[in-house]
Number of protein chains: 4
Amino acid sequence: MTKVTIWNEYRHELTNPTAASIYPQGIHQVIASGLQAHELSTSTATLDEAEHGLTEEVLQNTDVLIWWGHMAHDEVRDEIVELVYTRVLEGMGLIVLHSGHYSKIFKKLMGTTCALKWREADEKERLWVVDPAHPIAAGIGEFIELEQEEMYGEHFDIPAPDELVFVSWFQGGEIFRSGCTYKRGQGNIFYFRPGHETYPTYHNQDVIRVIANAVKWSAAGKGAAPKYGHVPVPLETL
Amino acid sequence: MTKVTIWNEYRHELTNPTAASIYPQGIHQVIASGLQAHELSTSTATLDEAEHGLTEEVLQNTDVLIWWGHMAHDEVRDEIVELVYTRVLEGMGLIVLHSGHYSKIFKKLMGTTCALKWREADEKERLWVVDPAHPIAAGIGEFIELEQEEMYGEHFDIPAPDELVFVSWFQGGEIFRSGCTYKRGQGNIFYFRPGHETYPTYHNQDVIRVIANAVKWSAAGKGAAPKYGHVPVPLETL
Amino acid sequence: MTKVTIWNEYRHELTNPTAASIYPQGIHQVIASGLQAHELSTSTATLDEAEHGLTEEVLQNTDVLIWWGHMAHDEVRDEIVELVYTRVLEGMGLIVLHSGHYSKIFKKLMGTTCALKWREADEKERLWVVDPAHPIAAGIGEFIELEQEEMYGEHFDIPAPDELVFVSWFQGGEIFRSGCTYKRGQGNIFYFRPGHETYPTYHNQDVIRVIANAVKWSAAGKGAAPKYGHVPVPLETL
Amino acid sequence: MTKVTIWNEYRHELTNPTAASIYPQGIHQVIASGLQAHELSTSTATLDEAEHGLTEEVLQNTDVLIWWGHMAHDEVRDEIVELVYTRVLEGMGLIVLHSGHYSKIFKKLMGTTCALKWREADEKERLWVVDPAHPIAAGIGEFIELEQEEMYGEHFDIPAPDELVFVSWFQGGEIFRSGCTYKRGQGNIFYFRPGHETYPTYHNQDVIRVIANAVKWSAAGKGAAPKYGHVPVPLETL
């Protein structure tokens with residue numbers, strides 16, 4: 001069974017009454033419950049645990065890491081980011097959610113600022129499937145509709161995604177590339193936009209299904225670990 | 001269990017003594033046996049059967065179609081090509097092998113001539129994995145080495161692949177994009193280069209493993225069937 | 001100076017009073033005037049001319065072909081489509097506009113049905129630039145806003161574009177990949193969504209600028225013509 | 001006229017007799033002379049100049065930066081790397097040559113280790129054009145042949161290129177994705193493999209032509225600078 005570690009900053013839920021009422025045990029617990037229904041083995045980790053809950057041992061036992069962060073990206077220690085980075089290149093899947101676009105790990109893997117436009121105005125978001133052949137869209141209809149969400153608008157400063165699975169329509173007039181896949185080394189990465197802490201987005205079962213699909217997609221079997229460095233002996237006679 | 005139909009032109013093996021000695025029951029049977037060891041359910045179809053063995057019923061019962069053709073591409077009837085085409089867009093996987101690059105179905109799906117360079121000179125081919133995160137490379141080392149194969153050289157007149165999984169080195173001085181993925185509609189397509197009829201390529205278990213991986217990759221769950229056409233009522237009030 | 005041939009079906013403007021009032025000399029003439037201001041050499045061709053105005057000589061003298069068609073795609077003769085197809089693979093640029101998504105030439109080059117959703121409801125369209133590094137977006141702001149247009153919605157049954165330059169927001173709730181680049185052989189192709197015949201879209205100078213940019217992009221210098229076929233002598237000694 | 005700054009580490013040419021004999025004034029001067037013949041305005045900068053020759057003023061006056069480094073990547077100061085990074089995202093082109101794959105700036109923009117295999121064995125390299133529609137291949141034949149070069153082999157730990165223009169064949173049995181384009185922010189990036197300091201690679205006029213083409217490609221007009229951050233007022237009435 002695929003082993004998922006759900007990492008959450010877990011600050012808003014402790015200080016913001018709206019977030020606390022929607023996610024009383026934290027966003028990570030709602031995602032964990034949701035994924036268990038998709039036959040995934042879950043554990044959680046949060047910023048204020050020792051090592052942010054992400055020791056080498058935890059990461060070695062993680063097939064796919066889910067990342068939610070927002071107000072405290074800078075508090076994530078660089079050496080933990082390096083551990084996560086190394087594991088992604090070795091093949092651990094990574095699902096970056098919503099405001100995680102500005103996390104150290106996502107920016108490091110993308111090579112760009114990952115900047116975007118944003119607005120909190122209780123807008124309707126409709127995530128259209130633009131790649132209906134993609135396993136991340138399995139079981140989803142033509143779109144997912146969220147009555148209220150924070151708006152994220154283009155330009156989103158990311159490399160062109162390897163695959164673009166969802167594009168969001170926002171009531172206020174913007175669009176956004178909201179479901180993007182990338183590969184880095186042997187690791188599969190999925191960025192998925194929705195999930196502001198003051199909306200019940202992770203209680204939406206289509207949103208959970210997308211995350212579960214992404215976990216399974218990113219955990220798929222890989223080729224042999226690449227070898228690098230000096231190879232003095234040619235394969236052919238020169 | 002994923003249902004694979006292996007389509008083979010099945011002419012060389014009946015007329016060319018070398019091909020006949022390597023594939024006495026036909027290329028399709030060797031591939032079928034190989035795939036069964038990967039827990040896939042196989043059936044076969046050949047050019048000279050009624051409807052080329054590809055009736056609507058057969059195609060409806062096929063999750064993934066494998067295609068090997070060479071000398072008789074023109075004998076494949078256009079209405080059968082249309083049936084296959086429609087099924088691919090509906091989500092049937094398609095694995096096109098070797099000289100199938102010039103098949104009607106592959107050219108129609110690519111939108112290009114699919115022309116290339118070729119030479120029969122018993123050359124060594126080494127297929128390097130350039131995308132070690134891809135499930136099609138699962139279980140394969142850094143490369144697959146084939147002692148003797150037909151050479152295919154660039155330029156290969158295909159659209160840039162969605163994903164490039166293998167690149168071949170040939171002894172005679174050429175390279176070739178030899179493992180290429182595409183999506184068309186809801187269908188996943190994989191082109192895989194090796195497999196000239198006078199070499200024992202499909203007896204190589206790494207080659208079979210790649211085909212098995214590609215079958216599983218192409219059969220992965222899909223999003224809902226897209227809807228097209230006139231939608232007179234807007235989702236939002238105008 | 002880059003030589004552009006603007007091909008127009010030129011039927012709506014002769015029969016539909018609204019189209020006639022907006023484009024009294026035809027859509028092609030408005031595009032031609034617009035492009036001349038961008039230092040491009042223009043000529044035009046229409047469906048009801050002999051050979052649809054697209055003789056071999058015309059095509060040999062065309063660096064970039066622009067295509068607008070809608071109600072009479074089926075009247076375009078297959079042999080003319082073949083001529084255009086061959087020239088694109090040889091390196092002629094091709095800009096396909098709006099309802100040209102259903103033209104024979106575009107479907108043939110894409111390998112898909114090119115189906116989509118549509119609605120005529122005088123909706124606002126906002127085309128967001130999602131690739132601000134692309135020369136096709138040169139001189140354009142963050143978006144182009146069109147007060148009224150026909151809606152085209154996803155899923156758009158095309159191969160994933162090589163580059164996605166624009167995504168449209170529509171008032172009625174849909175989004176659309178509205179500026180897409182492709183390469184086929186040595187030819188560069190750009191699909192650009194706006195331009196329903198009953199709206200003054202081609203009088204919009206940002207729309208014209210995008211088309212002019214696309215012409216220049218698609219006409220850029222190419223590598224040597226590829227060679228295909230049998231190469232009996234290896235480059236290296238075997 | 002496009003303004004190119006050629007940055008060179010300029011250490012090997014001062015200490016290695018072979019490099020010194022081939023590039024007595026440094027690799028940068030040979031590239032500069034070559035590019036001038038392609039109507040480009042060149043200046044140079046080297047590691048041991050103040051600020052590595054890359055002040056803010058220099059970078060503001062640079063349309064395209066070329067980067068050659070090898071033994072002293074670590075001596076490039078992080079604040080200069082940040083300046084270059086910011087300018088690339090703002091739209092300055094960047095051409096990374098050969099061992100520059102391991103430069104701080106390239107690794108930062110790629111988000112990967114950029115590791116590869118290598119061997120110095122005087123091997124023949126043949127760079128095949130796999131994208132003959134690309135302006136970077138303009139004026140080049142089917143391939144460029146270099147009698148002797150250092151070998152770089154796959155796996156090359158880079159993100160899948162936006163466009164793959166060249167693939168190298170090496171005498172010793174390896175292949176390599178040797179001409180790769182990327183976009184980051186508004187900047188166009190090209191990685192080009194050949195150019196070990198002990199071979200006369202930059203005296204080869206096809207190699208220079210590719211670099212000149214890449215400079216022109218990367219300097220092409222861009223869209224408006226994207227805007228990021230809080231946009232409290234929606235474009236549409238909510």
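The values are calculated or read from the model by the stated rules, or taken from the named source; none is laboratory data. Since this is a predicted model, take the numbers as computed values, not measurements. Glycine gets a Cβ as well: all are built from the backbone with ideal geometry, and neighbour counts include every protein chain shown. Quick note on the areas: whole protein, heavy atoms, side chains included, nothing else; ligands and nucleic acids left out. Shrake-Rupley method; radii C 1.70, N 1.55, O 1.52, S 1.80 Å.
Observations on the structure shown:
- Subset of the range B:201-238 (residues that are charged (D, E, K, R), farther than 20 Å from residue B:32 by Cα and in contact with a helix residue (DSSP H, G or I) (Cβ under 8 Å, 6 or more places away or on another chain)): B:222
Residues are listed down the side, and each one gets a yes or a no for (1) polar (S, T, N, Q); (2) more than 14 Å from chain C (Cβ to nearest Cβ); (3) over 28 Å from residue D:219 (Cβ atoms):
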{"site": "D:103", "(1), (2), (3)": "yes, yes, no"}
{"site": "D:111", "(1), (2), (3)": "no, yes, no"}
{"site": "D:116", "(1), (2), (3)": "no, yes, no"}
{"site": "D:125", "(1), (2), (3)": "no, no, no"}
{"site": "D:137", "(1), (2), (3)": "no, no, no"}
{"site": "D:144", "(1), (2), (3)": "no, no, no"}
{"site": "D:147", "(1), (2), (3)": "no, no, yes"}
{"site": "D:151", "(1), (2), (3)": "no, yes, yes"}
{"site": "D:161", "(1), (2), (3)": "no, no, no"}
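- Considering residues of the range A:199-236 that are at the interface with chain D (Cβ under 9 Å from one of its Cβ atoms) and among the β-branched types (Val, Ile, Thr) only, the residue least open to solvent (accessible area, probe 1.4 Å): A:231
- Flag if residue D:5 is open to solvent by 10 Å² or more (accessible area, probe 1.4 Å), touching a Leu at 6+ places or on another chain (Cβ under 7 Å) and in a strand (DSSP E or B): no
- Of all residue pairs spaced 6 or more apart or on separate chains, those with beta-carbon atoms under 6 Å, a first member in the range D:42-70 that is at negative phi and a second member that is hydroxyl-bearing (Ser, Thr, Tyr) and not in a loop (DSSP other than H, G, I, E, B) are D:43/D:5; D:45/D:5; D:62/D:5; D:64/D:218; D:65/D:5; D:70/D:99.
- Residues in the range C:222-238 that are part of a loop (DSSP other than H, G, I, E, B), free of Cβ contacts under 8 Å to residues at least 12 places away in the same chain and within 22 Å of residue B:115 (Cα to Cα): C:224, C:227, C:228, C:231, C:232, C:233, C:234, C:235.
- Verdict on residue C:35 being within 21 Å of residue C:178 (Cβ to Cβ) and part of a strand (DSSP E or B): no
- Filter result for residue D:18 (out of contact with any Cys (no Cβ under 8 Å at 6 or more places or on another chain) and within 12 Å of chain A (Cβ to nearest Cβ)): no
- Residue count, the range C:150-176 (criterion: outside any loop (DSSP other than H, G, I, E, B) and among the charged types (D, E, K, R)): 2
- Residue check, residue C:139 within 14 Å of the chain's Cα centre (by Cα) and not in a strand (DSSP E or B): no
- Residue in the range A:43-58 that is out of contact with any strand residue (DSSP E or B) (no Cβ under 6 Å at 6 or more places or on another chain) and among the β-branched types (Val, Ile, Thr) present: yes
- Number of residues in the range B:8-40 that are more than 18 Å from residue B:105 (Cβ to Cβ) and open to solvent by 40 Å² or more (accessible area, probe 1.4 Å) equals 13.
- Hits in the range D:66-103 (condition: of a type in the set (S, T, N, Q), over 10 Å from the mean Cα position of the chain (by Cα) and either under 20 Å from residue D:26 (Cβ atoms) or open to solvent by less than 10 Å² (accessible area, probe 1.4 Å) (or both)): D:103
- All positions within the range B:127-151 that are open to solvent by less than 50 Å² (accessible area, probe 1.4 Å) and among the aromatic types (Phe, Trp, Tyr): B:128
- When residues in the range A:163-188 are screened for being at the interface with another protein chain (Cβ under 7 Å from one of its Cβ atoms), open to solvent by less than 10 Å² (accessible area, probe 1.4 Å) and more than 19 Å from residue D:161 (Cα to Cα), 6 of them pass.
- Note on the range B:177-209: residues that are closer than 14 Å to residue B:68 by Cβ, of a type outside the set (Ser, Thr, Tyr) and in a strand (DSSP E or B) total 2.
- Subset of the range C:104-126 [under 16 Å from the mean Cα position of the chain (by Cα), closer than 19 Å to residue C:175 by Cβ and crowded, with 22+ Cβ neighbours inside 10 Å]: none
- One residue stands out among those in the range D:42-54 that are small (Gly, Ala, Ser) and open to solvent by 40 Å² or more (accessible area, probe 1.4 Å): the one that is farthest from residue D:206 (Cα to Cα), which is D:50.
- Listing of helices (runs of 4 or more DSSP H) fully contained in the range C:41-123 that carry 3 or more residues being closer than 17 Å to residue C:193 by Cβ: C:104-110
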